[in-house]
1. Return yes or no: is residue 143 modelled with pLDDT of 90 or more and surrounded by fewer than 18 Cβ atoms within 10 Å (Cβ to Cβ)?
2. If residue 97 meets every condition in (1) at pLDDT below 90; (2) at negative phi apart from one, which number is that one?
3. Give the residue, chosen from 99, 62, that is farther than 22 Å from residue 23 by Cβ and out of contact with any Lys or Arg (no Cβ under 9 Å at 6 or more places or on another chain).
4. Would you be able to tell me the number of residues in the range 121-161 that are without any contact (Cβ under 8 Å) to a residue 40 or more places away in the chain and assigned to a helix (DSSP H, G or I)?
5. Filter the range 27-78 down to the residues that are farther than 23 Å from residue 275 by Cα and acidic (Asp, Glu) and list them by number.
6. So residue 221 passes all but one of these: (1) touching a Lys or Arg at 6+ places or on another chain (Cβ under 7 Å); (2) acidic (Asp, Glu); (3) modelled with pLDDT under 90. Which condition number does it fail?
7. Would you please name the residue that is surrounded by the most Cβ atoms within 10 Å (Cβ to Cβ), looking only at residues in the range 320-342 that are of a type in the set (Phe, Trp, Tyr) and assigned to a helix (DSSP H, G or I)?
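The values are calculated or read from the model by the stated rules, or taken from the named source; none is laboratory data. A quick note: this is a predicted structure, and the numbers were derived from the prediction, not measured. Every residue, glycine among them, receives a Cβ derived from its backbone with ideal geometry; neighbour counts consider all protein chains shown.
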Amino acid sequence: MINNSLHILKDRRVLSWCLYDVGNSAFATTIMAAILPVYFKEIATPFLSGNLPTIYWGYTSAIALLCSALAAPFLGALGDVGQMKKKMLLFFTLLGILASCALFFTDHGDWFLTLVFMAIGTIGFSSAIIFYDALLPHLIPHHYIDMVSSLGYALGYLGGGILLALNIVMIYIWPGTFGPRLSFLSVAIWWAIFTLPLFLHVPEPLTTHHTVSYSQNVAKEAILRLGKTFVGIRKYPDLFRFLIAFWLYNDGIGTMIHMAAIYGAQVGISMIHLVGALLLTQFVGVPFSIFFGRLASRIGSKEAILVGLFGYTLISVGAIFLATPWHFWLLAFAVGTVQGGTQAMSRSLYARMLPPSRSAEFFGFYDISSKFAGVLGPFLFGFITQITHSSRIGIAILALTFVAGAIILRKVNVMRGIHNASLQ
């Protein structure tokens, strides 16, 4: 498996595509998951009482992802119609990078600005992923997609983990607010550096589908095509069924990513343990993401995802009893074993069941499933915490999303879905 992976990475286009995951994962780890949530709680606590920091963080995450979700199908269609997947990727990447820079200038009392910049960065990060994922079906033959997708996640975990480790050192050297703020600036620089290879070496995919020049009304054409896709997606029943399953189980995954650190802080886990444990998740995710690629080659992508969902169900139940730092470390290790692999196999399975000539458009629907999942989870977490005054009840809801998603996923006929896509 390792030899095969190294052989694939010799393709400069594949390596450049994977390196983008190294860059954008820094935003996911340092800003979305580990340091910013804890930093926000520290700078907001003197001004917001009780559970309000957790509640506001959950609501803001939900709003940012809602904006991304509503725009995702249109953006995907726009990228296909104008053959500008890379340009759209660059625009939203720059938006995320600038928001990361802006977080450097926040300090005690700036809790509202911090939420605004986090929301803008989240929109940039999540929208860029539409076009990044849409490049995957054009890079490599279908029988390699599982492996390349898992390699992307593995390198992403490695890159995000390395920068997070460096940021932990900075926070240790400069305690207080300067260390975390400097880490946000490092995310912007890191993300920019690892974006360059993709734009230099990965070509804009050519498509036989009708495209529109810039002198024509690209937006109008995108809207018309989007309407056809809303109707036509039902022609792909297994793809549609997979999207529903993905919407459900990714709700739980997204909520864990967004809310784990602030949930741990709420139950009394210190920043050093929170960030350290989440760093462990990153490095555990490297070999296990590759392991899931190998597992999928033996039992199938769908079955590998089901293994991951079983693990997530156990984790969400265990999180209810979180009380001490070692509990959080154990849960972080467990998340690392399933998170990257489950997401990588979901991406590659979906990529094989969509029409390649409309990859950005269909990944827009994938993204809307992903983002609406991210909207519902953090919103419910914040809402349930608010009405019950217990974040433990909020985390307990996650187990239901994994179970429901697995039940629907079992009904997806993968081979039929691939065959239907090949007819277009």
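1. Working: modelled with pLDDT of 90 or more: no; surrounded by fewer than 18 Cβ atoms within 10 Å (Cβ to Cβ): yes.
Spelling it out, it is not the case that residue 143 is modelled with pLDDT of 90 or more and surrounded by fewer than 18 Cβ atoms within 10 Å (Cβ to Cβ).
2. Against the list (1) at pLDDT below 90; (2) at negative phi, residue 97 comes up short only on (1).
3. Working: 99 fails: farther than 22 Å from residue 23 by Cβ.
None of the other options fit; the residue is 62.
4. Initially, the range 121-161 is screened for residues without any contact (Cβ under 8 Å) to a residue 40 or more places away in the chain, giving 124, 141, 143.
Then keep just the ones that are assigned to a helix (DSSP H, G or I); that gives 124, 143.
So the count comes out to 2.
5. Of everything in the range 27-78, nothing turns out to be farther than 23 Å from residue 275 by Cα and acidic (Asp, Glu).
6. (1)
7. As a first pass, look at the range 320-342 and keep what is of a type in the set (Phe, Trp, Tyr): 321, 326, 328-329, 333.
If we keep only those that are assigned to a helix (DSSP H, G or I) too, we end up with 326, 328-329, 333.
Numbers: 326: 10, 328: 25, 329: 18, 333: 15.
Among those that are of a type in the set (Phe, Trp, Tyr) and assigned to a helix (DSSP H, G or I), it is 328.
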